[in-house]
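One structure below.
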Amino acid sequence: MKTIIAEKPSVAREIARIVGATKREEGYFEGGGYAVTWAFGHLVQLAMPDGYGVRGFVRDNLPIIPDTFTLVPRQVRTEKGYKPDSGVVSQIKVIKRLFDTSEHIIVATDAGREGELIFRYLYHYTGCTTPFVRLWISSLTDKAIREGLRKLEDGSKYDNLYLAAKARSESDWLVGINGTQALSIAAGHGTYSVGRVQTPTLAMVCERYWENRRFTSEAFWQLHIATDGCDGEVVKFSSSEKWKEKEPAMELYNKVKAAGCATVTKAERKEKTEETPLLYDLTTLQKEANAKHGFTAEQTLEIAQKLYEKKLITYPRTGSRYIPEDVFAEIPKLLAFIGTQPEWKDKVRAKAAPTRRSVDDGKVTDHHALLVTGEKPLFLSKEDNTIYQMIAGRMVEAFSEKCVKDVTTVTAECAGVEFTVKGSVVKQTGWRAVYGEEKEEITIPGWQEGDTLTPKGSSITEGKTKPKPLHTEATLLSAMETAGKEIEDDALRQAMKDCGIGTPATRAAIIETLFALLSAPHPDAVSYKPFHDKGRFICDTPDAVKHENQKNIELSISGVILDDLQLVTGRCADFVTGHALFLFFVDDDPALRFGKLVAGFALHRQVSFVVGIEIHLFIRGHAVQTAYAIIGHSVSLTFKVRMDDDSVVKERPVVVPWSSRTPLPPSV
């Protein structure tokens, strides 16, 4: 008998049907000389520190570096700590029995690094010595499975893939366990989660936040003139220079306004070719699904995995945007299939030879780029259909013709000021016609150097420089993908050039982990419920909070998000900016005795991990200004109580360990 092991029951069911294993047994299918069993993802994992006799967070135990890592069945958390998952233990027993009684094993876990690790950890944990071969396929269609079973490969071919996965798993353990314990011990309270990929990702978010927060916007002024163009259209020139001071800009504007003509000093015309976009890999699909449809990275991955298991698309966890030559041979048939779908009717050119920009054997990694398989997409939900059609549409774009434009740039001089305008005319719409992106830009008349233009009007505009925006999931995925490009060390930068941090398969989970860590309610939230009615709920708003005999004072809070700074309770009323601060005060004493202050941040995906905010608050007719700077595990506070005449009543700096259980100073 031969045993086939798949990564999940749904995949095992499809393979069992192909090989004729139709009899259902406990934990596997049997028939036709095969037993087809399955895992539930990682059934076996590295043991936690207590598996090596290390209990609790103790400074003297660090660093924790096992001589040999121990494998244990997947654990679940209970009130008494972690214990093996009973369902996992039962399935491992089934798998071990099948492995031990088989002539050889066919490994059909997902064809990638993690899929290889899932099997190898099981293989080593069960002490199995049965020889194994590898089923390596990129889709779950009947044709792909049958071809894969005819071309099984020796398991040793994938030893290096396993070793890479093992190294990643152990490095995650070493960084996560030691980093989390070290930071938590240093803080003196709470648990502060650290991860090999998770923490650099959070650092990028915080760095962008501070870059945005500390940006100083500067005003600038720019001049414009308008003249007649083609077919009654108006062509608007803008000054090449922008002025930081208003006076010189106004002086030049008056001169331009008084001038009766402008002279063309340069006219350039050239053909511009826009190459077709490459096919999707998982990360690019996640970025565009987030930017265009608001899908989270995790949501896109879940949908893509579902479509894969329904045989509608190829393997989703791919990091390649190219396909090999043998797959390219199937593209005309797939494009013809897409053309039969109502969404793409008249978008696919009949019998046209597909272009080859996305074809490169050398750039295909474990799996080629995402493709539809030719199976009809029936009964899909709106969200599932959106992702499916994105993949289909990108295929049509990727194999269409290039977009060709005539681009014209004209420079003119008026009253000593240089103005420019740029326009284009589409000669060949090509791939941009797929989504109707063939709109023409400004059409520039055939002006030549030396021509005189008569301005119809002039204007001056004021603008402001803008900071880099806060990360969205789309931009954060890009940052993770290209992490390291700004590293000064040449060797390190080159080492990270093609990998970034995380993988297409794990980046979504990392982002979701950060959301879970940074926005989950605090365990002690219930104990603060009595403060809601007595306290004051304040949400981020630019509008002043009005109250009799009170003066609006701004309170700034900034710092690094740690686990103890989590949303306690309440609701976020401002989903435009996507962040809010919840403060609860008990001001039961006219002398401004403080009860407890609980601060937390409501996170919104389009803003990501905002750690600073401005609000207004008032206590007992006095305005209170508090400056927070959260550094490590302490909070530096400066209390200022001001009366309506702006006189400072009291000012007192203090430094206290930050904890939701720690009350603020009893008085100011």
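Numbers at a glance
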item	result
Test for ALA474: is it within 22 Å of the chain's Cα centre (by Cα), open to solvent by less than 40 Å² (accessible area, probe 1.4 Å), among the aliphatic types (A, V, I, L, M) and under 30 Å from GLY374 (Cβ atoms)	yes
Region 343-370: number of residues that are assigned to a helix (DSSP H, G or I) and buried (at least 16 other Cβ atoms within 10 Å of the Cβ)	1
Every residue from region 371-400 that is more than 22 Å from ALA433 (Cβ to Cβ) and in a loop (DSSP other than H, G, I, E, B)	THR373, GLY374, GLU375, LYS376, PRO377, LEU378, PHE379, LEU380, SER381
Residue satisfying condition, being over 30 Å from the mean Cα position of the chain (by Cα) and either modelled with pLDDT of 95 or more or closer than 30 Å to ALA297 by Cα (or both), within set VAL410, VAL434	VAL410
Residues of region 266-283 that turn out to be in a strand (DSSP E or B) and open to solvent by less than 60 Å² (accessible area, probe 1.4 Å), as a count	2
Per-region count, region 99-135, residues within 10 Å of ILE5 (Cα to Cα) and part of a helix (DSSP H, G or I)	2
Index of the failed condition, GLU302 passing every other in (1) touching a residue at least 60 places away in the same chain (Cβ under 8 Å); (2) open to solvent by 20 Å² or more (accessible area, probe 1.4 Å); (3) within 30 Å of PRO9 (Cβ to Cβ)	(1)
THR452 being touching a residue at least 40 places away in the same chain (Cβ under 8 Å) and within 16 Å of ALA262 (Cα to Cα)	yes
Considering residues of region 221-248 that are in a loop (DSSP other than H, G, I, E, B) and open to solvent by less than 80 Å² (accessible area, probe 1.4 Å) only, the residue farthest from ILE442 (Cα to Cα)	SER240
Selection from region 147-201 of residues that are over 26 Å from the mean Cα position of the chain (by Cα), closer than 23 Å to ASP50 by Cβ, surrounded by 14 or more Cβ atoms within 10 Å (Cβ to Cβ) and among the hydrophobic types (A, V, I, L, M, F, W, C)	ALA182, ILE185, ALA187
Every pair of residues 6+ apart whose Cβ atoms lie under 6 Å, when the first sits in region 256-279 and is of a type in the set (S, T, N, Q) while the second is part of a strand (DSSP E or B)	THR263/GLU413; THR263/THR452; THR265/THR411; THR265/GLU413; THR273/VAL404
Qualifying positions in region 202-211 - open to solvent by less than 20 Å² (accessible area, probe 1.4 Å) and either over 25 Å from the mean Cα position of the chain (by Cα) or aromatic (Phe, Trp, Tyr) (or both)	TYR209
Condition met for ILE487 (free of Cβ contacts under 8 Å to residues at least 40 places away in the same chain, in a loop (DSSP other than H, G, I, E, B) and under 25 Å from the mean Cα position of the chain (by Cα))	yes
Scope region 401-458; condition part of a strand (DSSP E or B), farther than 25 Å from GLY232 by Cα and touching a helix residue (DSSP H, G or I) at 6+ places or on another chain (Cβ under 6 Å); matching residues	CYS403, VAL417
Condition check for SER217: open to solvent by 30 Å² or more (accessible area, probe 1.4 Å) and modelled with pLDDT of 95 or more	no
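The values are calculated or read from the model by the stated rules, or taken from the named source; none is laboratory data. Model, not experiment: these values are computed from the prediction. Quick reminder, even Gly has a Cβ in these numbers, built from the backbone with ideal geometry, and neighbours come from all protein chains shown. Heavy atoms of the whole protein, side chains included, go into the accessibility calculation; ligands, DNA and RNA do not. Shrake-Rupley method; radii C 1.70, N 1.55, O 1.52, S 1.80 Å.
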